[in-house]
1. Which whole-number percent is the relative contact order of region 1-82 (Cα, under 8 Å, 6+ apart)?
2. Neighbour counts of other C-beta atoms within 10 Å: give me M77, M84 arranged from fewest to most.
3. If you place +1 on the Cβ of every Lys and Arg, -1 on the Cβ of every Asp and Glu, and leave all else neutral, what size is the dipole of the chain about its Cα centre, to the nearest 20 Debye?
4. For semi-axes √(5λ) of the Cα gyration tensor in Å, several values are listed as (i) 28, 17, 13; (ii) 20, 15, 12; (iii) 31, 17, 10; flag the one computed from this structure.
5. About its Cα centre, how strong a charge dipole does region 28-77 have in debye, to the nearest 20, once Lys and Arg get +1 and Asp and Glu get -1 at the Cβ?
6. Using a basic spin-label model with each label point 7 Å from the Cα along Cα→Cβ, how many nm lie between V78 and L49?
7. If the cut-off is 17 Å between C-alpha atoms, which aspartates and glutamates fall inside it for K22, apart from same-chain ones fewer than 8 positions away?
Amino acid sequence: MARRRSNRAIVPGSEHGLGQLKAQVMKDKGYPVNPDRPDLVKYEVARTLGVPLTPGYNGQLRSEDAGRVGGPIGGAMVRELVRMAQQQLAQQRTER
């Protein structure tokens with residue numbers, strides 16, 4: 001049975017921090033990002049990939065194309081979170 005996905009963060013109240021992370025990561029990748037609306041960077045990513053993503057309903061969009069847009073964003077965020085965790089662990093080891 002397929003699991004339904006939600007666009008809500010698991011930890012209540014973490015949406016702002018995740019938005020800041022997305023803005024910083026995508027800015028570092030060279031995309032223009034509005035810090036007040038980091039969710040809009042997906043349209044810039046879609047444009048550069050040639051994916052016809054538009055605000056509102058995108059029922060015509062193939063799953064493959066949606067993944068081509070969301071994958072680089074989410075992947076970059078996960079890589080940054082892993083990097084931050086590794087840095088924190090290394091710092092904790094040196095403090096002991």
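Please treat every number below as a calculation from the coordinates, not as lab data. What you see is a predicted model; the values in this text were computed from it and never measured. Every residue, glycine among them, receives a Cβ derived from its backbone with ideal geometry; neighbour counts consider all protein chains shown.
1. So the answer I get is 24 percent.
2. Result, fewest neighbours first: M84, M77.
3. Computed charge dipole of the chain: roughly 280 debye.
4. This structure yields the entry labelled (i).
5. 100
6. 1.4
7. D36, D39, E44, E80
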